[in-house]
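Please read the structure below before turning to the comments.
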Amino acid sequence: MSAYRETYESWKNDQDGFWMKAAEAIDWTKPPTKALDAENVPFYRWFADGEMNTCYNCVDRHVEAGRGDHTAIIYDSPITESKAEISYAGLQSQTAQLAGVLRDLGVEKGDRVIIYMPMTPDAAVAMLACARIGAVHSVVFGGFAANELAVRIDDCKPKVILSASCGLEPGRVVAYKPLLDGAIDLAEHKVSACVIKQRPQEAAAMIEGRDHDWDEAVAAAKPAECVPVGGADPLYILYTSGTTGQPKGVVRAAGGHAVALHWTMGNIYDITRDDVYWAASDVGWVVGHSYIVYAPLLIGCTTILFEGKPVGTPDAGTFWRVISEHNVKALFTAPTAFRAIKRVDPEGEFVRKYDLSCLETLFLAGERADPPTVEWAREQLKVPVVDHWWQTETGWTITGNPTGLEMLDIPTGSAGAPMPGYDIRILDEGGNEVEDGTLGAICVKLPMPPASLPTVWEADDRFIKSYMTTFPGYYETGDAGMKDKDGYLYIMARTDDVINVAGHRLSTGAMEEVLAGHKDVAECAVIGVTDDLKGQLPLGLICLSNGVDRPHAEIEQECVARVRGEIGPVAAFKLCKVVERLPKTRSGKILRATMVSIADGAAYKMPATIDDPVILDEISAALGDLGYAKS
Ligand code: COA
Ligand code: AMP
């Protein structure tokens, strides 16, 4: 039997035994006596009677084991033209100091702390400092606007916010402090303190009594020790897009997270503590949480924290420079990064400028890995390119290629085989399993494995409604796809309003809510259209209220600005068009999927229930004006 099959079967035959064995890799202050607690289904808890501290497992234990001089984090920032290395001992002292600051500000075990930071090592230190004292962090991606930050403040009610004066995007400094101040003003929940890292590129104005200078506070603080927490206690909350404007607070429990993530580093990524691992993402996303910060540090290897873009900082060779300079063994990024590089350097001239012999594998996730991009990457880098599929909700791979166990021969276009912990079923609308090769809703038979969300933050009912209701006994992933005869999975589309823009998960429903708030908009639809670079782009079609006679271009621009202002630049909402009416079914449901097919120039079946087919011609013309709907 293959190593993968054997491992998968061993999990299937004895789930508790499998995870208890994996749990031995974690240092527990009180070892768990069992893995799964299924007393209150579907709210499964893992390692609930154990106690541990994630920061201790990521930092202190490596120092105590004599690896304090080993490099924990390499900060490589082409955007500021700077680099730095932090050893495990250095990370321990920075983390303990910042944890001391939080403790002095009254943060206790279970309290929430929002982290709104650019990609500097301070962001990782901030996450670990929270974990150190048992506080629950919630990192908010820097590309979100004040309103999105405010929504998160009101939902998780942080005691303190950790932030910086600015982030850096190519050609512009993003002043974080005005966004932060704006968000705090907008939010109903009042934060008692903010700790602000002043970056040299832009000084932030401080509000007396509330804001504290990061460096001064850290210098004055006394180091804080690690506080043990229960295995099922929350480590963090990470908000992700759902179908509405209210994001879902995905909860991650400490014990299961540490166990599962540690298991993945050797078995999925084939990384040991002596390797250098690079996840080119942002700490604001789940990939950043799991694979820039927690998993590499749990096993004690070196992780790269990269502040830059795949192109333009300064050129399309940046990724190759980082790999060769820092001896990177595995790179993990989103396919869009490779599409961006390929677009600028199709012949791979930059690739050949660097010695990439250290690189053994490229891992892709976050969106569909289109075969031309996969093949280009394989040809250029001459290493296996592994697609793997997962979600914020799971925190780690659902399907992939367990390269540390064995490199499976997975067809290009497939996102791989199920990992231990995941019993995947493809279901039809009635909840029956479909045959291999047939499209259906991808579901996971309960229980979900360690690290998967135990619930949505303070919204158990939303957890049940979003994931557990359509197919009782299963977790509904929200993705549609199929299995082939070998059990390999193909991810085809989302079954909800989520779109994936440059590997960033966004909600078209949330954008519709923003457009609907424009005083002249009577009705609207936002759809995800195919884009060569970003995979998908949001496109808004708006109908105006009776009597509005302002120029359409003016209103369209206002709508674009509105989404940027309320959701943020990351939404990349730049396509907007006024139309007379929207196509609907006779019962009034907007035919979004049909409009997507028209925009993408794909074949579609005229919906039998369409109210007035002529509208589709009008829509096609409007999409044509925006450069879409070309057959
Ligand atoms: N803070 C503030 N603004 C941000 C930001 C941040 N942290 N991250 C992105 N933005 C802004 C960008 O500046 C851009 O603004 P603009 O409209 O003024 O140009 C907008 O949000 C869209 O950003 P992005 O989607 O990143 O587009 P881009 O054109 O700047 O870059 C890629 C395109 C493909 C190079 C880029 O998306 C990328 O590197 N993707 C890698 C994939 C990735 O990291 N995925 C995460 C999950 S694995
Ligand atoms: P996020 O929660 O931001 O990680 O986004 C998760 C969603 O991204 C999934 O539900 C999929 O729709 C999509 N996704 C992630 N990885 C892949 C992949 N390898 N192939 C196809 N889609 C993916």
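The values are calculated or read from the model by the stated rules, or taken from the named source; none is laboratory data. Everything numeric here is computed off the predicted structure, so don't read it as measured data. Using ideal geometry, Cβ is built from the backbone for each residue, glycine included, and neighbour counts are taken over all protein chains shown. Side chains are part of the model used for accessible areas, which takes the heavy atoms of the whole protein and leaves out ligands, DNA and RNA. Shrake-Rupley method; radii C 1.70, N 1.55, O 1.52, S 1.80 Å.
Let's see how each residue does on (1) open to solvent by 10 Å² or more (accessible area, probe 1.4 Å); (2) in a loop (DSSP other than H, G, I, E, B); (3) closer than 24 Å to Gly416 by Cα:
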| position | (1), (2), (3) |
| --- | --- |
| Leu298 | no, no, no |
| Leu305 | no, no, no |
| Pro314 | yes, yes, no |
| Val322 | no, no, no |
| Arg339 | yes, no, yes |
| Gly366 | yes, yes, yes |
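With the structure loaded, tell me whether Val276 is of a type outside the set (Lys, Arg) and in contact with a strand residue (DSSP E or B) (Cβ under 9 Å, 6 or more places away or on another chain) or whether it fails that test.
Numbers: of a type outside the set (Lys, Arg): yes; in contact with a strand residue (DSSP E or B) (Cβ under 9 Å, 6 or more places away or on another chain): yes.
Taking the combined requirement at face value, the residue satisfies it.
In segment 572-618, what count of residues is obtained for those that are out of contact with any Asp or Glu (no Cβ under 9 Å at 6 or more places or on another chain) and assigned to a helix (DSSP H, G or I)? Summing the residues that are out of contact with any Asp or Glu (no Cβ under 9 Å at 6 or more places or on another chain) and assigned to a helix (DSSP H, G or I) in segment 572-618 gives 11.
Take the residues in segment 483-511 that are under 18 Å from Leu408 (Cβ atoms) and touching a Ser or Thr at 6+ places or on another chain (Cβ under 6 Å), then tell me which one is surrounded by the most Cβ atoms within 10 Å (Cβ to Cβ).
Residues of segment 483-511 under 18 Å from Leu408 (Cβ atoms): 483-491.
Pick out the ones that are also touching a Ser or Thr at 6+ places or on another chain (Cβ under 6 Å) and you get 488-490.
Values: Tyr488: 21, Leu489: 25, Tyr490: 21.
Among residues in segment 483-511 that are under 18 Å from Leu408 (Cβ atoms) and touching a Ser or Thr at 6+ places or on another chain (Cβ under 6 Å), the one surrounded by the most Cβ atoms within 10 Å (Cβ to Cβ) is Leu489.
In summary, Asn327 fulfils each of the numbered conditions (1) in contact with a strand residue (DSSP E or B) (Cβ under 8 Å, 6 or more places away or on another chain); (2) open to solvent by less than 50 Å² (accessible area, probe 1.4 Å); (3) more than 16 Å from ligand 2 (Cβ to nearest atom) with the single exception of condition (2). Selection of first residues in segment 457-483 that are farther than 16 Å from Phe43 by Cα and of second residues that are within 16 Å of ligand 1 (Cβ to nearest atom) and hydrophobic (A, V, I, L, M, F, W, C), restricted to Cβ pairs under 7 Å at least 6 apart or on distinct chains, gives the following pairs, ordered by first then second residue: Gly478/Val498; Asp479/Ile491; Gly481/Ile491.
I'd like the residue in segment 341-364 that is among the aliphatic types (A, V, I, L, M) and within 16 Å of ligand 2 (Cβ to nearest atom) and, out of all such residues, is surrounded by the most Cβ atoms within 10 Å (Cβ to Cβ). Looking at residues that are among the aliphatic types (A, V, I, L, M) and within 16 Å of ligand 2 (Cβ to nearest atom), I get Leu364.
Give the residue that is nearest to Ser466 (Cα to Cα), with candidates limited to residues of segment 357-403 that are acidic (Asp, Glu) and under 15 Å from the mean Cα position of the chain (by Cα). Steps first, please.
Taking segment 357-403 and keeping what is acidic (Asp, Glu), we get 360, 367, 370, 375, 379, 387, 393.
Then keep just the ones that are under 15 Å from the mean Cα position of the chain (by Cα); that gives 367, 393.
Details: Glu367: 21, Glu393: 11 Å.
My answer is Glu393.
Among the helices (runs of 4 or more DSSP H) contained in segment 143-236, which hold 3 or more residues that are open to solvent by 50 Å² or more (accessible area, probe 1.4 Å)? I'd like the intermediate steps shown before the answer.
On the way: elements: 146-156, 176-186, 214-220.
So the answer is 176-186, 214-220.
Restricting to segment 349-367, count the residues that are among the aliphatic types (A, V, I, L, M) and either within 15 Å of ligand 1 (Cβ to nearest atom) or in contact with a His (Cβ under 6 Å, 6 or more places away or on another chain) (or both). Don't jump to the end; show me each part of the working.
Narrowing segment 349-367 to residues among the aliphatic types (A, V, I, L, M): 351, 356, 359, 362, 364-365.
Pick out the ones that are also either within 15 Å of ligand 1 (Cβ to nearest atom) or in contact with a His (Cβ under 6 Å, 6 or more places away or on another chain) (or both) and you get 362, 364-365.
Residues in segment 349-367 being among the aliphatic types (A, V, I, L, M) and either within 15 Å of ligand 1 (Cβ to nearest atom) or in contact with a His (Cβ under 6 Å, 6 or more places away or on another chain) (or both): 3 in total.
Checking the stated criteria, Lys34 turns out not to satisfy the condition of being modelled with pLDDT of 95 or more, under 28 Å from Leu91 (Cα atoms) and open to solvent by 20 Å² or more (accessible area, probe 1.4 Å).
For segment 45-56, which residues satisfy the criterion of being assigned to a helix (DSSP H, G or I) and in contact with a Phe, Trp or Tyr (Cβ under 9 Å, 6 or more places away or on another chain)? Break it down stepwise before answering.
Residues of segment 45-56 assigned to a helix (DSSP H, G or I): 54-56.
Within segment 45-56, just Thr54 meets the criteria.
Filter segment 548-564 down to residues that are open to solvent by 50 Å² or more (accessible area, probe 1.4 Å), at pLDDT 95 or above and either under 29 Å from the mean Cα position of the chain (by Cα) or closer than 14 Å to Lys519 by Cα (or both), then give me how many there are.
First, pick out the residues of segment 548-564 that are open to solvent by 50 Å² or more (accessible area, probe 1.4 Å): 549-554, 557-558, 561-562, 564.
Now narrow it down to the ones that are at pLDDT 95 or above: 550-554, 557-558, 561-562, 564.
The next check asks that each one be either under 29 Å from the mean Cα position of the chain (by Cα) or closer than 14 Å to Lys519 by Cα (or both); those that pass are 550, 552, 554, 557-558, 561-562, 564.
Qualifying residue count, segment 548-564: 8.
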